[in-house]
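This report concerns only the one structure given below.
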Amino acid sequence: MRVIHIAGVSGSGKTTFIRALLPLLNRKGTTAVVKHLAHHHYILESDKDTTHFFHGGALASAGSDPEKTVLVLRDTALSHIMSILSSIGTKYMLIEGWKTLPFPKITIGALPGAEGVVLSDPTAELVLESLEKFPHYHSLQGLSLEVQDSDQQGVLLAGKFPVHAKGDDTDSRREFYLRFSPILDEITREAGSSPGDVRVGLHLHQGLLFGGEDAILMAVGSQSPHTAIRVFSSIQERLFPVAGGGKIS
């Protein structure tokens, strides 16, 4: 799931820009939008059963009709929202607001002091041409969906392996991301070209950017149990110095 952060002061035109960008992204893949409501609290309709369930203490309250499902959660952590959206197969996630987030961002209008700005007041078309500037985020379930057959048949193996840079300071971790990402891409290509029907997904979760610990997410799918286990094991061997808690220098 590629994360596209759009920031700007109130009234700058963020929502208008997203409405122009959304249909273009939808042509490329499933797209979700999360908006920071800040001080404008969303008011639940008082006479609805789902509202009664929520106010009655339900962790989550959902209502589903033939066209849509509406879900209300008590959890407000953006990291958890991202995990949910990745897990249902979202390809592009647009974030409106949260202007202090460390993500690479698009700014709409003047935003003094903004960090990580990769595009300022772009056209929607320019964003599509610049998607590589924005990072990927995957939950383990979301990565697993990408390697499953369309009918979700066969064998799926998945795991999460914590990794550690040689130093725990910010600069060391950023340097580690830059050096290790190409290695992970190489392992993915080699494993994906193994004999047999196999699909491989590897992802470096960057804790500095998305929170939590740095980790490698791995998913292997195949119609053959033998092939899935063989490829999964071979990747583990390549990653063992990292996944085993060793330091990457």
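Before moving on, here are some points about what is shown:
- Inter-label distance for residue 75 and residue 26, nm, one decimal - labels placed 7 Å from Cα along Cα-to-Cβ: 2.7
- Coordinate range of the alpha-carbon atoms in the range 163-204 per principal axis, descending: 42, 13, 12 Å.
- Computed over the chain: relative contact order in percent, which uses C-alpha pairs under 8 Å that are six or more apart: 21
- From helices alone, the chain scores -11000 deg cm²/dmol at 222 nm; the rule is -39500 (n - 2.57) for each run of n ≥ 4 DSSP H residues, then divide by the residue total.
- Tail weight of P(r) past 24 Å, computed on alpha-carbon pairs of the range 140-248, percent: 24
- GNM top mover of 96, 213, 132 - the chain, alpha-carbon springs below 10 Å: 132
- Each residue of the range 55-67 was assigned a 3J(HN,Hα) from its phi angle through the Karplus expression (A = 6.51, B = -1.76, C = 1.60, θ = phi - 60°), giving 5, x, x, 4, 4, 9, 10, 10, x, 10, 10, x, 10 Hz with x at Gly and Pro.
- Acute angle (nearest 10 degrees) that the helix 14-26 long axis makes with the longest principal axis of the chain, alpha-carbon atoms: 40
- Nearest-ten-degree value, helix 225-243 long axis tilted from longest Cα axis of the chain: 80
- For residue 5, the residues 5 or more places off, or on other chains, whose built amide H falls under 5 Å of its own are 95, 106.
- Each principal axis of the Cα cloud of the range 60-211 was evaluated for its coordinate range; sorted largest first, these ranges are 53, 50, 33 Å.
- Pairs of Cα atoms farther than 18 Å apart, the range 1-116, %: 60
- The range 121-192-the range 71-95 distance, computed between alpha-carbon centres (Å): 17
- In the chain, taking the dipole from charged Cβ atoms about the Cα centre, the farthest positive-side position among 86, 220, 37 is held by 37.
Values quoted throughout were computed directly from the atomic coordinates according to the rules given, and no laboratory measurement underlies them. Bear in mind that the values here come from a model prediction, so they are computed numbers and not experimental data. Here Cβ is always computed from backbone atoms with ideal geometry, including for glycine, and neighbour counts include all displayed protein chains.
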